[in-house]
Amino acid sequence: MRVLSAATPRSPGGRSRGGPPVLRAIVWGGAIAAAIVVAGCSGPPIEPLKLDGNMLTVDNRSDVEWKNVEIWLNTYYRLKTDSIPAKGRFQAPLDAFVAGFGQRFEFRRMQVKDLRLNATSPDGKPVEIKKQFTVGGLDRLKRSS
């Protein structure tokens, strides 16, 4: 026999609402676990152009191949590749970028200020990506005054 206090909410049929406490705990526990799993799976979006020291990584997260890919560094230095497959990745050291007269980008002596990718999709549409840099160092002081 189950004893109910006067404070226990009842439905019109006289039964208590919510089911047995153990069942409610299981349902709530499952809901909380599902929410944690979903939150853990979503992370920050992958940057299409990522710099890590002297290494550039290009991530093509689209469903189409990029063809005739040109990557421009500081508007003078260029690197070409025929294609980057759909959901694929391309990596190259920054020292591989070359200017029009054969000068190489020297990572140890030069600063990266601009990074862009130009390509075409299989249907002929242009693909253009520009890396957004965060303002830091002395530039931050210039902009705030």
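The values are calculated or read from the model by the stated rules, or taken from the named source; none is laboratory data. Since the model is a prediction, treat every value here as computed from it, not as a measurement. Positions of Cβ are generated from backbone atoms using ideal geometry, with glycine treated the same way; all protein chains shown enter the neighbour counts.
Suppose we keep only residues that are of a type in the set (Phe, Trp, Tyr) and over 25 Å from Thr134 (Cβ atoms) within the stretch 66-115. Which one would you say is nearest to the chain's Cα centre (by Cα)?
Of the residues in the stretch 66-115, the ones of a type in the set (Phe, Trp, Tyr) are 66, 72, 76-77, 90, 97, 101, 105, 107.
Subset that is over 25 Å from Thr134 (Cβ atoms): 66, 101.
Working: Trp66: 18, Phe101: 35 Å.
Of everything passing the filter in the stretch 66-115, Trp66 is nearest to the chain's Cα centre (by Cα).
A quick yes/no check of all residues on (1) at pLDDT 95 or above; (2) surrounded by 11 or more Cβ atoms within 10 Å (Cβ to Cβ):
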residue: Pro12; (1), (2): no, no
residue: Gly18; (1), (2): no, yes
residue: Cys41; (1), (2): no, no
residue: Asn68; (1), (2): yes, yes
residue: Asp82; (1), (2): yes, no
residue: Phe90; (1), (2): yes, yes
residue: Gly100; (1), (2): no, no
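When you check Val135 against the structure, is it modelled with pLDDT under 95, outside any strand (DSSP E or B), hydrophobic (A, V, I, L, M, F, W, C) and surrounded by 15 or more Cβ atoms within 10 Å (Cβ to Cβ), yes or no? Quick ask: steps written out before the conclusion?
On the way: modelled with pLDDT under 95: yes; outside any strand (DSSP E or B): yes; hydrophobic (A, V, I, L, M, F, W, C): yes; surrounded by 15 or more Cβ atoms within 10 Å (Cβ to Cβ): no.
Considered against the rule, which asks whether it is modelled with pLDDT under 95, outside any strand (DSSP E or B), hydrophobic (A, V, I, L, M, F, W, C) and surrounded by 15 or more Cβ atoms within 10 Å (Cβ to Cβ), Val135 comes out as no.
Looking only at the stretch 108-121, filter to residues that are more than 17 Å from Thr75 (Cβ to Cβ) and not small (Gly, Ala, Ser); which one of those is modelled with the highest pLDDT?
Among those residues, the one meeting the criterion is Thr120.
Quick one: which residue in Leu56, Leu51 is touching a residue at least 40 places away in the same chain (Cβ under 8 Å), touching a helix residue (DSSP H, G or I) at 6+ places or on another chain (Cβ under 7 Å), surrounded by 12 or more Cβ atoms within 10 Å (Cβ to Cβ) and part of a strand (DSSP E or B)?
Numbers: Leu51 fails: touching a helix residue (DSSP H, G or I) at 6+ places or on another chain (Cβ under 7 Å).
Unique residue meeting the criteria: Leu56.
Residue check: is Asn118 part of a strand (DSSP E or B), in contact (Cβ under 8 Å) with a residue 12 or more places away in the chain and more than 23 Å from the chain's Cα centre (by Cα)? Write out each step before concluding.
Numbers: part of a strand (DSSP E or B): yes; in contact (Cβ under 8 Å) with a residue 12 or more places away in the chain: yes; more than 23 Å from the chain's Cα centre (by Cα): no.
When the stated conditions are applied, Asn118 does not pass them.
I'd like the full set of residues that are aromatic (Phe, Trp, Tyr), part of a loop (DSSP other than H, G, I, E, B) and under 23 Å from Val127 (Cβ atoms), limited to the stretch 74-107. Talk me through it step by step, then tell me what you get.
From the stretch 74-107, those aromatic (Phe, Trp, Tyr) are 76-77, 90, 97, 101, 105, 107; that's our starting set.
With the extra rule that they be part of a loop (DSSP other than H, G, I, E, B), the set shrinks to 76, 97, 101, 105, 107.
Tyr76, Phe97, Phe105, listed by residue number.
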